Amino acid sequence: MRKGIRKFFILVAVFIVALFTFSKITNHETKDLTTDMPAASLPIVYFEDNGHRVNELHGYTAEMSAVSMRDTITPLPDNHKLSLRIDPYGKNIDSVTFEVRSLDGSRLVQDGKVTLSGDESAMEGEITVENLLEKVTEYQLILKVKEGDTTASYYTRIKDAGDSQISTCVDFVEEFHAITMDKDRQSELASYMEPSADADNTSLQTVTINNSLSQACWGDLQGTEVTEPVASIKEMCDEYQVILLEYILSADNENGQTEYYNVQEYYRVRVGAEKNYLLNFERTMEEIFQGDGAHVSKDSINLGIRSDVVDYKANETGNIICFVQQGELWSYNQSENKMTQVFSFRSGDDMDIRENYDEHAIRILKADEGGSIDFVVYGYMNRGEHEGQVGVSVCHYDCVTNTVEEMLFIPTTLSYQVVKEQLGTLMYVSDNGYFYLTISDQVYKINLDTKKSEIFISDLQSDMIVSSEDGRHIAWSEDGGVMHVTDLEKGDTYDVNAESGQTLKPLGFIGSDCIYGWGYTSDVFSTDTQTNTLALSQVLIMDSGDSEHQILKTYQSPGMYVTGIRVQDGSIYLSRVAKFGDTYTDASEDTIMNRDMQDENLVNVSTTTSTVKQTEVVITLSTESSGKAPKQVIPKQILNEESVTIEMKNLNAFSDYYVYAKGQVILATKDMAAAIQSADENKGVVIGRSVGRTFTDWNVREILVYCVKHIPISCNLTLISCLWHCLIQNILFQTFIRSIDTLNFIRTLCTLNLSHLNKTF
């Protein structure tokens with residue numbers, strides 16, 4: 001009996017110990033590994049110029065490539081003293097140092113320490129720049145702000161203000177903006193506007209100098225500035241200045257609800273002897289989506305005032321839609337009436353300018369039937385683990401656990417403006433855990449588990465690779481002799497071979513069907529709008545998913561040649577030229593319809609109109625919902641116990657030429673002719689790389705103006721003759737193209753079709 005009792009207590013004791021041990025193990029394995037995104041922590045730096053607060057600078061925690069950091073230029077006053085202001089956001093700034101370097105960062109001109117005054121709310125300091133700088137030369141100014149264990153770098157170019165009268169231009173821009181906000185003064189702007197019958201006066205999203213005066217003054221919209229407009233000086237020269245104003249605007253809609261907008265105003269201004277000249281004006285506004293009941297109705301999601309080009313995806317049944325707006329990723333589950341803010345740097349309604357900084361983009365890769373999403377965030381990281389870095393972050397949203405997990409982070413030393421042009425169209429995550437990414441002329445394949453990368457395709461031309469909308473299928477060619485079509489899920493590749501004397505070119509996809517064309521190798525031409533373009537005699541559509549790869553359709557039009565396509569709403573639009581002798585001229589567009597795909601689209605983007613907001617963009621739903629306000633959800637972030645960061649040197653590589661226009665990079669290319677053409681069309685500048693890897697700014701129109709000023713009036717010279725004259729006199733070389741291969745530059749200009757400029761002076 002006693003033995004039985006003893007046995008019983010021993011078993012109970014063993015059970016309790018086992019239960020305790022199991023409980024400890026279980027609790028350890030199921031501990032909460034989720035968190036909220038850490039708040040923004042880096043200070044903001046401004047400069048003071050004649051009473052103006054200019055050039056809002058954001059901090060970088062990694063050392064950046066100086067040549068890519070040309071976002072702003074700060075004028076150096078006559079006394080060579082730069083006044084700066086720091087908003088520490090409650091932090092104690094330990095020290096601020098500075099470096100003045102050559103534009104490529106290779107040569108240190110001056111360094112020193114900045115003496116600061118103020119407290120955690122605002123700090124001020126002054127930098128005295130030595131008189132060692134050449135007056136016409138731009139330099140890089142790098143500020144290093146130390147707070148605790150964190151040192152952040154801030155970049156701007158500096159240049160002697162000279163005869164630019166930049167302060168006068170900033171005055172003009174700020175006054176112009178103030179008048180647009182004052183209905184009683186709008187008539188004062190009439191002389192600056194250049195109304196055109198072709199301008200769209202039904203939308204507030206983009207307003208230019210060619211719109212009506214009423215549009216320039218916001219129509220019936222009554223807006224209030226939430227943040228003070230800050231001028232960013234983008235380009236500064238004697239001929240004109242490029243200035244951007246950026247701010248957050250609030251306005252009540254027709255139902256009395258307050259909505260918020262990011263607004264950017266682009267000005268190109270010249271100061272004349274008697275008046276200021278507004279050479280160009282363009283204002284864009286994009287609504288910050290709030291995801292509440294005011295924006296979701298029974299049959300649509302109202303995105304408000306924004307571009308009608310919307311990055312969105314829907315599942316097969318159309319009841320889950322995800323979309324990108326103003327740097328945020330949203331997902332709407334119609335069945336559950338749930339609106340999820342999948343990813344955002346913004347943390348609330350206080351509109352912190354650091355969280356609102358618009359130097360990143362989001363691309364949706366894949367959305368499954370249940371609502372889980374693979375997506376990429378690339379650019380400047382406003383807050384979180386990678387705050388102050390630029391990079392590519394591959395993420396997965398799990399709709400079941402309502403969590404976001406970062407699977408991969410690739411940092412870079414290049415600015416967002418440069419990186420966005422380096423990354424190609426291909427970004428894809430396969431079901432077996434591989435991430436495919438185009439960087440410049442290479443496609444990489446990265447294992448998301450092991451974080452190992454390999455080159456999947458090399459030595460590509462940018463216009464010789466295309467991908468399907470979902471990224472699964474790609475088509476590419478190294479030289480036009482063979483075209484490869486690959487299914488990235490299956491790993492299968494099918495080759496199409498060109499016939500003798502012909503060149504193949506992949507054009508795009510419609511669904512999973514590959515669109516490509518062929519042209520005779522000799523049919524390469526240039527026009528005012530196209531450089532070194534292959535004229536395609538025939539366009540074919542191939543079934544990429546079928547093992548036989550049968551041709552579904554062939555397009556050919558006698559006397560007409562196709563130069564490119566765009567796919568929209570299930571239709572293929574073909575850009576065409578006509579050939580007369582050896583001359584190619586632009587011809588009307590043609591269309592290939594796909595009724596089946598049009599019928600398959602359960603979700604579409606369309607527009608609606610209202611009295612106050614004018615044209616608004618909406619996503620139409622496949623079926624009607626309850627119309628009730630959706631439940632709003634914000635996911636948690638999964639804490640990674642191991643690093644997901646990998647280094648990829650090619651993401652830090654440069655193209656040969658970059659085109660800057662309207663304050664941003666619009667083209668990265670190895671083709672000098674294409675760069676010059678783009679800069680001329682967009683009234684921008686080209687940043688070129690010489691053999692010595694130094695950079696310089698030059699602008700076609702500036703060169704032409706300068707050439708004309710420096711040739712005898714009696715000379716009857718064409719463009720090329722004019723350029724040669726200036727080169728012979730050593731004028732052009734010294735002024736514009738010291739750091740560029742002169743002969744290469746001239747050869748390029750000779751190949752351009754600048755008929756609108758190639759006239760007798």
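The values are calculated or read from the model by the stated rules, or taken from the named source; none is laboratory data. Fair warning: this is a prediction, and the values are worked out from it, not measured in the lab. Note that we place each Cβ from the backbone using ideal geometry, even for glycine, and neighbour counts take in every protein chain shown.
Condition first: touching a Phe, Trp or Tyr at 6+ places or on another chain (Cβ under 8 Å) and more than 20 Å from residue 383 (Cβ to Cβ). Now tell me which residues in segment 50-64 satisfy that.
Across segment 50-64, the qualifying residues are 53, 54, 55.
Please enumerate the residues belonging to segment 156-179 that are closer than 17 Å to residue 276 by Cα, crowded, with 21+ Cβ neighbours inside 10 Å and in contact with a Lys or Arg (Cβ under 9 Å, 6 or more places away or on another chain).
169
Which residues, counting only those in segment 654-685, are hydrophobic (A, V, I, L, M, F, W, C) and either within 19 Å of residue 237 (Cα to Cα) or part of a strand (DSSP E or B) (or both)?
659, 661, 665, 666, 667, 668, 676, 679, 685
Would you mention how many residues in segment 446-467 are within 22 Å of residue 368 (Cβ to Cβ) and either surrounded by fewer than 17 Cβ atoms within 10 Å (Cβ to Cβ) or more than 21 Å from the chain's Cα centre (by Cα) (or both)? Steps first, please.
Step one: list which residues in segment 446-467 are within 22 Å of residue 368 (Cβ to Cβ), which gives 446-449, 467.
Add one more test, that the residue is either surrounded by fewer than 17 Cβ atoms within 10 Å (Cβ to Cβ) or more than 21 Å from the chain's Cα centre (by Cα) (or both), and what stays is 446-449.
Residues flagged as within 22 Å of residue 368 (Cβ to Cβ) and either surrounded by fewer than 17 Cβ atoms within 10 Å (Cβ to Cβ) or more than 21 Å from the chain's Cα centre (by Cα) (or both) within segment 446-467 amount to 4.
Every residue in segment 613-633 that is assigned to a loop (DSSP other than H, G, I, E, B) and under 29 Å from the mean Cα position of the chain (by Cα), please. Steps first, answer last, please.
The first filter runs over segment 613-633 and keeps only residues assigned to a loop (DSSP other than H, G, I, E, B), leaving 613, 621-630.
Once the filter is applied, which keeps residues that are assigned to a loop (DSSP other than H, G, I, E, B) and under 29 Å from the mean Cα position of the chain (by Cα), segment 613-633 yields 613, 621.
Could you tell me how many of the residues in segment 453-473 are more than 24 Å from residue 311 (Cα to Cα) and touching a residue at least 60 places away in the same chain (Cβ under 8 Å)?
Going through segment 453-473 one residue at a time, the tally reaches 1.
Across segment 114-172, what is the total count of residues that are within 23 Å of residue 243 (Cβ to Cβ) and in a strand (DSSP E or B)?
The total comes to 13.
Say we look at segment 365-383 and pick out the residues that are modelled with pLDDT of 95 or more and assigned to a loop (DSSP other than H, G, I, E, B); which of these is farthest from residue 651 (Cα to Cα)?
Among those that are modelled with pLDDT of 95 or more and assigned to a loop (DSSP other than H, G, I, E, B), it is 372.
Do you know which residues across segment 316-338 are buried (at least 22 other Cβ atoms within 10 Å of the Cβ) and either over 26 Å from the mean Cα position of the chain (by Cα) or among the basic types (Lys, Arg) (or both)?
Listed by number, the residues that qualify are 320, 334.
Check 78, 49, 32 and return the single one that is surrounded by fewer than 19 Cβ atoms within 10 Å (Cβ to Cβ), under 30 Å from residue 660 (Cβ atoms) and at pLDDT below 90.
So the residue among 78, 49, 32 that is surrounded by fewer than 19 Cβ atoms within 10 Å (Cβ to Cβ), under 30 Å from residue 660 (Cβ atoms) and at pLDDT below 90 is 78.
Pick out the one residue from 367, 361 that is within 18 Å of the chain's Cα centre (by Cα) and without any contact (Cβ under 8 Å) to a residue 60 or more places away in the chain.
So the residue among 367, 361 that is within 18 Å of the chain's Cα centre (by Cα) and without any contact (Cβ under 8 Å) to a residue 60 or more places away in the chain is 361.
Of the residues 503, 527, 531, 563, which single one is at pLDDT below 95 and part of a strand (DSSP E or B)?
Numbers: 503 fails: at pLDDT below 95; 527 fails: part of a strand (DSSP E or B); 531 fails: part of a strand (DSSP E or B).
563 is the lone residue from the list that is at pLDDT below 95 and part of a strand (DSSP E or B).
Specify which of the listed residues (626, 622) is loosely packed, with under 12 Cβ neighbours inside 10 Å and under 21 Å from residue 331 (Cα atoms).
Being loosely packed, with under 12 Cβ neighbours inside 10 Å and under 21 Å from residue 331 (Cα atoms) holds for just one of 626, 622, which is 626.
Which one of 108, 141, 116, 189 is closer than 29 Å to residue 284 by Cβ, modelled with pLDDT of 90 or more, in the same structural domain as residue 49 (by TED's automatic domain parsing) and of a type in the set (A, V, I, L, M, F, W, C)?
Details: 108 fails: closer than 29 Å to residue 284 by Cβ; 116 fails: closer than 29 Å to residue 284 by Cβ; 189 fails: in the same structural domain as residue 49 (by TED's automatic domain parsing).
Of the residues listed, the single one that is closer than 29 Å to residue 284 by Cβ, modelled with pLDDT of 90 or more, in the same structural domain as residue 49 (by TED's automatic domain parsing) and of a type in the set (A, V, I, L, M, F, W, C) is 141.
Name every residue in segment 637-664 that is touching a Lys or Arg at 6+ places or on another chain (Cβ under 8 Å), free of Cβ contacts under 8 Å to residues at least 40 places away in the same chain and either more than 30 Å from residue 265 (Cβ to Cβ) or β-branched (Val, Ile, Thr) (or both), in order of residue number.
656, the sole residue that qualifies.
Please indicate, with yes or no, whether at least one residue in segment 251-258 is within 25 Å of residue 160 (Cβ to Cβ) and in contact (Cβ under 8 Å) with a residue 60 or more places away in the chain.
No, every residue in segment 251-258 fails to be within 25 Å of residue 160 (Cβ to Cβ) and in contact (Cβ under 8 Å) with a residue 60 or more places away in the chain.
Mind checking which residues of segment 199-216 are assigned to a loop (DSSP other than H, G, I, E, B) and either more than 15 Å from residue 282 (Cβ to Cβ) or assigned by TED's automatic domain parsing to the domain that holds residue 307 (or both)?
Within segment 199-216, 202 is the sole residue that qualifies.
Regarding segment 240-251, can at least one residue be identified that is more than 30 Å from residue 624 (Cβ to Cβ), modelled with pLDDT of 95 or more and in contact with a helix residue (DSSP H, G or I) (Cβ under 8 Å, 6 or more places away or on another chain)?
yes
Looking at (1) assigned to a strand (DSSP E or B); (2) modelled with pLDDT of 95 or more; (3) crowded, with 19+ Cβ neighbours inside 10 Å, can you tell me which one residue 313 breaks?
Against the list (1) assigned to a strand (DSSP E or B); (2) modelled with pLDDT of 95 or more; (3) crowded, with 19+ Cβ neighbours inside 10 Å, residue 313 comes up short only on (2).
Out of everything in segment 363-388 that is buried (at least 19 other Cβ atoms within 10 Å of the Cβ) and acidic (Asp, Glu), what residue ends up being nearest to residue 489 (Cα to Cα)?
Taking the candidates together, the pick is 374.
List pairs: first in segment 417-431 and assigned by TED's automatic domain parsing to the domain that holds residue 359 and within 19 Å of residue 395 (Cβ to Cβ), second at pLDDT below 90 and outside any helix (DSSP H, G or I), Cβ under 7 Å, 6+ apart or cross-chain?
Going by the 7 Å Cβ cut-off, the qualifying pairs are 423/439.
Suppose the filter is buried (at least 23 other Cβ atoms within 10 Å of the Cβ) and among the hydrophobic types (A, V, I, L, M, F, W, C); does residue 394 pass it?
In short, yes.
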